[in-house]
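Visitor: Before we start, here is the structure in question, set down as structure tokens.
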Amino acid sequence: MPSNRPISKPQFEVLAEFRYQMRRFERFSELAAQSAGITPQQYLLMLQIKGTRGRAWATVGELAERLQMQPHGAVALVARCEARGLVRKCTDERDRRQVQVHLCPPGEQLLEHLAALHRAELKSLQGVFEVPTIDYEP
């Protein structure tokens, strides 16, 4: 719950620096995806599929949640990636209402390339990009 105490100038500086570093990383990610010939959202979709815990696929609903988008937007994004041969959809054998989204080999290769770039960028940000703690001053 927000406090009624005002945020101090140094605390605003910490918040501003955090947002700046976060935006720098986001911009790097956007440019890396675009230079690889895909949209930033397509990269994030493939990353979330690969990063699904415990399995090699994700549902459209999970992808919508992880990408913080409306389900119909996730459906359209999956369709665009499928048209490019990056992912494929399959009906879940156990629950035919569910659609699984899997990475295809071209998507795997592209994701691996982009993830390596992101890993290097994250390494360069170590010690610079930290989640701030903004304690209220007594």
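Just so it is clear, none of the values below were taken in a lab; they were calculated from the coordinates. Quick caveat: nothing in here was measured; it's all calculated off a predicted structure. Cβ atoms come from the backbone with ideal geometry, glycine included; neighbour counts cover every protein chain shown.
Visitor: Of the residues that make up the stretch 10-31, is at least one surrounded by 14 or more Cβ atoms within 10 Å (Cβ to Cβ) and under 22 Å from Ala83 (Cα atoms)?
Guide: Yes: the stretch 10-31 contains one or more residues that are surrounded by 14 or more Cβ atoms within 10 Å (Cβ to Cβ) and under 22 Å from Ala83 (Cα atoms).
Visitor: A further question on this structure: Just give me the residues in the stretch 97-116 being surrounded by 14 or more Cβ atoms within 10 Å (Cβ to Cβ) and closer than 19 Å to Glu30 by Cβ, in sequence order.
Guide: As a first pass, look at the stretch 97-116 and keep what is surrounded by 14 or more Cβ atoms within 10 Å (Cβ to Cβ): 98-104, 107-108, 110-111, 114-115.
Scanning the stretch 97-116 gives Gly107, Leu110, Leu111, Leu114, Ala115.
Visitor: Taking the conditions exactly as written (more than 14 Å from Met46 (Cβ to Cβ), in contact with a Cys (Cβ under 8 Å, 6 or more places away or on another chain) and not charged (D, E, K, R)), does Gln100 satisfy them or not?
Guide: Judged against the criteria, Gln100 is a match.
Visitor: Look through the stretch 46-62, keep the residues that are more than 19 Å from His118 (Cβ to Cβ) and part of a helix (DSSP H, G or I), and return whichever of them is nearest to the chain's Cα centre (by Cα).
Guide: Glu62
Visitor: What pairs come out if I take residues in the stretch 79-104 that are closer than 19 Å to Arg53 by Cβ and pair them with residues that are surrounded by fewer than 15 Cβ atoms within 10 Å (Cβ to Cβ) and of a type in the set (A, V, I, L, M, F, W, C) whose C-beta lies under 7 Å away, six or more apart or interchain?
Guide: Gln100/Cys90; His102/Ala56; His102/Cys90
Visitor: Across the stretch 11-36, which residue is farthest from the chain's Cα centre (by Cα) among those that are free of Cβ contacts under 8 Å to residues at least 60 places away in the same chain and farther than 21 Å from Pro132 by Cα?
Guide: Here the residue is Ser35.
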